[in-house]
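Structure first, commentary second.
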Amino acid sequence: LTPYLVSRFYRAPEIILGMPYDYGVDMWSIGCTLYELYTGKILFTGDSNNQMLKAIMEIRGRFTPKLFRRGQLAAAHFDEQGQFVSVERDKVLGKTAVRTLAVVKPTRDLRTRLNAASTGMNDAEARHLNHFIDLLEQCLALNPDKRITPSEALKHPFFASKTAASNGRR
């Protein structure tokens, strides 16, 4: 069991938490990659697995205790009360600061971030963007059991819908 599978910025939370994993880790990575291709920005950044979890929760919300307790490495990131334990390294002082965060609230959710990156769209483009956001939200479900499967993703309206820009061609 290693928490270092997959490049850090695309690493699914179940890997970081030491949970069993399957194709869902690839769907998570696809969601991160699609976001980056659309915006030109990396969705989740952190200089450690701990800070990756914090970044994920800032956008996707908190993990339920039932979910994170399935992970063999959860104790490194959550205390016994289920509060997130943030471990940050001060690069200047070279010291590590450990803080317990009672609540990590989403600061700007996925929809807000993508709508901010998308201006001046017509109705068809806005509909297509909403399909895209829905697909990403399903790819980036915190609970891997609720994450979209590859076959479900291929049938998603985002891939079936046409945009004005495509002039009806696929």
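The values are calculated or read from the model by the stated rules, or taken from the named source; none is laboratory data. For clarity, every value in this text was computed on a predicted model and none was experimentally measured. When we count neighbours, we look across all protein chains shown, and the Cβ atoms used for this are built from the backbone with ideal geometry, even at glycine.
At a glance:
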item: Qualifying position, being farther than 19 Å from Arg147 by Cα and either modelled with pLDDT under 95 or aromatic (Phe, Trp, Tyr) (or both), among Thr39, Thr64; result: Thr39
item: Qualifying residue in the stretch 54-72 (condition: in contact with a helix residue (DSSP H, G or I) (Cβ under 9 Å, 6 or more places away or on another chain), in contact (Cβ under 8 Å) with a residue 60 or more places away in the chain, assigned to a loop (DSSP other than H, G, I, E, B) and surrounded by 11 or more Cβ atoms within 10 Å (Cβ to Cβ)); result: yes
item: Matching entry among Gly120, Gly82 (being loosely packed, with under 12 Cβ neighbours inside 10 Å, of a type outside the set (Val, Ile, Thr) and either over 18 Å from Ser29 (Cα atoms) or more than 20 Å from the chain's Cα centre (by Cα) (or both)); result: Gly120
item: Residues located in the stretch 115-154, provided they are part of a loop (DSSP other than H, G, I, E, B) and at pLDDT 95 or above; result: Leu140, Ala141, Leu142, Asn143, Arg147, Ile148, Thr149
item: Leading residue by the ranking (nearest to Phe63 (Cα to Cα)) among those in the stretch 1-31 that are without any contact (Cβ under 8 Å) to a residue 40 or more places away in the chain and in a helix (DSSP H, G or I); result: Ile15
item: Residue among Leu93, Leu34 that alone is of a type in the set (A, V, I, L, M) and assigned to a loop (DSSP other than H, G, I, E, B); result: Leu93
